[in-house]
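Student: I have a structure here, written as C-alpha cells, and I will follow up with some questions on it.
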Amino acid sequence: MEQLVNSIPTSRFTRNLMKKIDREHFVIHKARAYQDNPLPLMSKQTISAPHMHARAIEYLEKVLKPGKSILDIGSGSGYLTACYAEAVKVYHPDHSKRGTVIGIEVFPELVHYSTNVIQNHFRDLMKYKKNFKLIHGDGKKGYPTNINIEKYDGIHIGAACDFIPQKLLAQLRKGGIMVIPLKINGRLFFTIIDKDRQGNLRMTIKESVRYVPLL
C-alpha cells in the first residue's frame with residue numbers, strides 16, 4: 001500500500017491517511033488491490049482508482065480535522081468513509097474531539113459488504129455508534145432525510161450528478177466543503193463547492209472524471 005500511495009501526486013496529509021486504511025481489505029480482487037485502477041464490486045458497482053480516492057480526500061482536507069462532521073454519499077466499498085472516519089477521529093475518547101461520519105449507499109449489498117470489512121479490520125471506527133454509520137438509503141435526500149439543517153463540515157458525493165442536490169447543500173455548514181462529480185456542458189468534472197461564513201457558494205472546477213450515475 002505504501003508504494004502505491006507514494007506514487008500518487010497528492011498532499012502529505014492524504015498520503016498518510018491512505019496508508020492507514022489499506023485498500024486490500026476493501027477490494028474483491030486482492031491480487032489487483034495495489035494497482036491504480038478502479039475495480040469491480042457487486043451490484044455492477046466499482047471501487048474507484050486510488051488516485052481518485054486521493055483527490056476526494058485532498059479536496060476535503062481543510063475540514064478533515066478531529067471533531068468535524070462528514071457525509072459520504074454513495075459510500076460503496078466503504079474505503080473513503082473509513083478514511084474520513086480516521087481523519088476526524090470518530091473513536092476519540094474526548095467527546096469534543098470526536099468527529100462524525102455518515103456513509104449512505106443505495107445498494108444494500110454494498111452496505112453489508114462495507115460494514116463487514118470495517119468491523120473486521122477497522123473496529124475502532126465503530127466504537128461509538130452515533131459517530132460512525134453506514135446506512136442504506138437515497139443519499140440525495142441527505143441525513144436525516146429531507147432535513148434542512150446545516151450539519152456537515154464536508155460532503156463527498158461518490159457518483160455522477162447532473163445537478164447539485166439541494167438537500168445536500170442545505171445540510172452543508174457555513175465554512176463547509178462539498179466535493180461532487182458534476183456534469184458541466186455535457187462533461188463530468190470533479191467540482192468543489194465552498195459555502196462561506198455568510199452562506200454564499202463558490203464553485204471550483206477541477207479535473208474531468210468518470211463515475212457511475214447517482215441513483
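Student: Confirm whether Ser114 is within 18 Å of the chain's Cα centre (by Cα), surrounded by 14 or more Cβ atoms within 10 Å (Cβ to Cβ) and under 21 Å from Arg173 (Cβ atoms).
Tutor: no
Student: Let me ask something additional. When the residues of region 39-57 are filtered to those that are within 11 Å of the chain's Cα centre (by Cα) and over 16 Å from Val212 (Cβ atoms), which remaining residue is surrounded by the most Cβ atoms within 10 Å (Cβ to Cβ)?
Tutor: Ile57
Student: Let me ask you something else. Considering only region 81-105, state which residues are in contact with a Ser or Thr (Cβ under 9 Å, 6 or more places away or on another chain) and either of a type in the set (Phe, Trp, Tyr) or not in a helix (DSSP H, G or I) (or both).
Tutor: Listed by number, the residues that qualify are Val90, Gly99, Thr100, Val101, Ile102, Gly103, Ile104, Glu105.
Student: Based on what the data block shows, is Ile147 β-branched (Val, Ile, Thr), outside any loop (DSSP other than H, G, I, E, B), surrounded by fewer than 15 Cβ atoms within 10 Å (Cβ to Cβ) and free of Cβ contacts under 8 Å to residues at least 40 places away in the same chain?
Tutor: no
Student: Quickly run through region 14-51 and pick out the residues that are of a type in the set (Phe, Trp, Tyr) and under 14 Å from Leu80 (Cα atoms).
Tutor: Hit for region 14-51 is Phe26, nothing else.
Student: Can you find a residue in region 24-38 that is more than 24 Å from His136 (Cβ to Cβ) and crowded, with 19+ Cβ neighbours inside 10 Å?
Tutor: No, the conditions are met nowhere in region 24-38.
Student: How many residues does region 153-182 hold that are at pLDDT below 95 and farther than 15 Å from Ile73 by Cβ?
Tutor: 0
Student: Next question. Suppose we filter Gly137, Gly142 for residues that are out of contact with any Leu (no Cβ under 7 Å at 6 or more places or on another chain), among the small types (Gly, Ala, Ser), more than 23 Å from Leu39 (Cβ to Cβ) and surrounded by 15 or more Cβ atoms within 10 Å (Cβ to Cβ); which single one remains?
Tutor: Going through Gly137, Gly142 in turn, the sole match is Gly137.
The values are calculated or read from the model by the stated rules, or taken from the named source; none is laboratory data. As the structure is a computational prediction, the values presented were derived from the model and not from experiment. Glycine also receives a Cβ, built like all others from the backbone with ideal geometry; neighbour counts cover every protein chain displayed.
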